[in-house]
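*Asks:* Here you go, one structure.
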Amino acid sequence: MVVAKIAPSLLSSDFACLAQECERMLALGADYLHMDVMDGHFVPNLTLGAPIIKCLRPHTKGFLDCHLMVTNPEQWVDDFASAGADLFCFHIEATEDAATLIDRIHAKGMKAGIAVKPNTPIDLVYPFASQLDQVLVMTVEPGFGGQSFMPECMQKVSDLRSKFPELDIQVDGGLDPENIGIAAKAGANVIVAGSSIFKAKSPGEVISLFRKTVDEAQAAM
């Protein structure tokens, strides 16, 4: 049985206090620190890159879960490894040789993940699942925070969980206390949330609720 891992999205944090925000999330019970890397090309937004990860690394022992929404992810493996990223997650839509890319990521000492957009068939990931540490099912179109959760993406999660019961399955986009049960029941165990955590009156309570809901759903499977 997989366990719950809660990954606040630092895209919703105060970037002027990024290191402090990371430590605050860890103190509140976060397992991962989700870093949204956007290049303004693969998605229509520009956020952060390896230099910021490198600056952040000395200030936190947290697990830096880097989701690269970029064209040509192969270009950035060395930079993110040198910067101190713990997990390098690339989009299946952005590469023509996922197997080789996964091997490169692992050779650099990082965990490897594949992400899929809402309209991408999940079976594209199946040939690589045994090599992967995590699969990310996007529940919004990648590129911006604050979007609404797309419940129709949960069939992908259910299909993945039935085929790969020990795989870490991450969901990202619009997760909140109202819909976490849907994602957990489908089989997601790694929960990314930005606005619903950072804008909450009690972020720690939201993190705890997410964890409890996921662990209860896993126990019932």
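*Asks:* Which net charge results for the neighbourhood of residue 83, defined as the other residues with beta-carbon distances under 10 angstrom from its beta-carbon, given Lys and Arg at +1 and Asp and Glu at -1? Let's see the in-between values first.
*Replies:* Values: positive: 54, 57; negative: 78, 79.
Every neighbour counted, the sum reads 0.
*Asks:* Using only the Cα atoms of the range 59-175, what are the Rg and Dmax in Å?
*Replies:* 13.7, 39
*Asks:* Taking the Cβ of residue 124 as the centre, find all other residues whose Cβ is under 14 Å away and add up their charges (Lys, Arg: +1; Asp, Glu: -1).
*Replies:* Details: positive: 117, 156, 163; negative: 93, 96, 97, 123, 159.
Here the count lands on -2.
*Asks:* Then there's this: Amide H of residue 168 versus every other amide H placed in the peptide plane: which residues, excluding those fewer than 5 positions away on the same chain, fall under 5 Å?
*Replies:* 135
*Asks:* Simple spin-label model, 7 Å along Cα-to-Cβ: residue 221 to residue 15 in nm?
*Replies:* Taking the simple label geometry, residue 221 and residue 15 are separated by 3.5 nm.
*Asks:* On the protein heavy atoms, probe 1.4 angstrom, tell me the percent of accessible surface of the chain carried by carbon and sulfur.
*Replies:* Taking all protein chains in place, the chain shows 54 percent carbon and sulfur surface.
*Asks:* So, one more: Dividing the convex hull volume of the Cα atoms of the chain by its residue count, what figure in Å³ per residue is obtained?
*Replies:* Values: hull volume 23.7 nm³, N = 221.
Here the figure is 107 Å³ per residue.
*Asks:* If each of residue 100 and residue 155 carries a label point 7 Å out from its Cα toward its Cβ, how far apart are those two points in nm?
*Replies:* Rounded to a tenth, the inter-label distance reads 3.4 nm.
*Asks:* Which order do peptides 108-116, 182-190 fall in by mean Cβ count within 10 Å, highest first? Mind dumping the intermediate values first?
*Replies:* Numbers: 108-116: 20.0, 182-190: 24.4.
Most protected by this proxy first, the peptides run 182-190, 108-116.
*Asks:* Just add up the charged neighbours of residue 160: K/R +1, D/E -1, any other residue whose Cβ is under 13 Å from the Cβ of residue 160.
*Replies:* Values: positive: 156, 161, 163; negative: 123, 159, 166, 168.
Once all neighbours under 13 Å are counted, the net charge is -1.
*Asks:* May I ask for the Rg/Rh ratio of the range 37-99, computed from Cα atoms with Rh as the Kirkwood radius, given to two decimals?
*Replies:* Details: Rg = 11.6 Å, Rh = 12.0 Å.
Taking Rh as the inverse mean 1/r over Cα pairs, Rg/Rh reads 0.97.
*Asks:* Which lysines have a Cα lying under 19 Å from the Cα of residue 117, excluding residues fewer than 8 positions away in the same chain?
*Replies:* 156
*Asks:* Keeping every protein chain present and rolling a 1.4 Å probe, give me the accessible area per residue for the chain in Å². Don't skip to the answer; put the middle values down first.
*Replies:* On the way: 9420 Å² over 221 residues.
I get 43 Å² per residue for the chain.
*Asks:* Any chance you could check the Cα centroid distance between the range 167-181 and the range 40-58 for me, in angstrom?
*Replies:* A separation of 23 Å, based on Cα centres.
*Asks:* Additional query: Assuming a viscosity of 1.306 mPa s and a temperature of 10 °C, what translational diffusion coefficient in µm² per second does Stokes-Einstein assign to the range 111-163, Rh being the Kirkwood radius over Cα pairs?
*Replies:* Working: Rh = 11.7 Å.
The calculation lands on 136 µm²/s.
The values are calculated or read from the model by the stated rules, or taken from the named source; none is laboratory data. Keep in mind it's a predicted model, so treat the numbers as computed, not measured. Positions of Cβ are generated from backbone atoms using ideal geometry, with glycine treated the same way; all protein chains shown enter the neighbour counts. The area values use the complete protein model at the heavy-atom level, side chains included, leaving out ligands, DNA and RNA. Shrake-Rupley method; radii C 1.70, N 1.55, O 1.52, S 1.80 Å.
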